[in-house]
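Here the structure comes first, spelled out in structure tokens, and everything after it is commentary.
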Amino acid sequence: MEKAKNKSVEPLKISGDWSQQADSLKEKFPQLTDSDLKFETGRENELVKRIELRLHKKKEEIINILRKVQSAIT
């Protein structure tokens, strides 16, 4: 029996003031660089991938971190 991968994570949509969110992320994770946090509308997956690689965390964890920061600021 094949295990189904958990793909129930909703796509991430960045809203609000991204520069504020990026500053907050840099405070929490000093290893993140401006390049890691460069964001273009519609390219959330690329942002998540860069942060995943830098923090050595899974995609789901990164999305949860980003959502927490976003909800704290907006």
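A short reminder: the numbers here are calculations on the coordinates, not readings from a lab. Worth saying up front: this structure is predicted, and the values here are computed from it rather than measured. Cβ: placed from backbone, ideal geometry, glycine included. Neighbour counts: every protein chain shown.
Below 15 Å Cα-Cα, how many Lys pairs turn up in the chain? Only count pairs eight or more apart in sequence, or on different chains, if you could.
Step by step, the pairs that qualify in the chain add up to 17.
Using Cβ counts within 10 Å as a stand-in for footprinting exposure, how do ASP36, ASP17 rank, fewest first?
ASP17, ASP36
Specify the angular offset, from 0 to 90 degrees and rounded to the nearest 10, of the alpha carbon long axis of helix 59-73 from the longest principal axis of the alpha carbons in the chain.
For 59-73 against the chain, the angle is about 40 degrees.
Stretched out fully, how many nm does the piece from GLU44 to ILE73 gain, at 0.36 nm a residue minus the Cα gap?
Taking GLU44 through ILE73 to full extension adds about 8.7 nm, to one decimal.
How big is the dipole moment of the chain about its Cα centre under a simple scheme where the beta carbon of each Lys and Arg is +1, that of each Asp and Glu is -1, and everything else is neutral? Debye, nearest 20, please.
320 debye
Give me the distance in nm between label points sitting 7 Å out from Cα along the Cα-to-Cβ direction at GLU27 and ARG54, one decimal.
1.7 nm
Can you give the local net charge around SER15? Use residues other than it whose beta-carbon is closer than 12 angstrom to its beta-carbon, Lys and Arg +1, Asp and Glu -1.
0
Between helix 44-55 and the chain, what is the angle of the helix's C-alpha long axis to the longest principal axis, kept within 0 to 90° and rounded to the nearest 10?
With both axes taken from Cα atoms, the answer is about 90 degrees.
Rounded, prolate or oblate: pick one for region 18-73, where a ≥ b ≥ c are the square roots of the eigenvalues of its C-alpha gyration tensor, a/c under 1.5 means rounded, and failing that, prolate if a/b is larger than b/c, else oblate.
Since a/c stays below 1.5, the shape of region 18-73 is classed as rounded.
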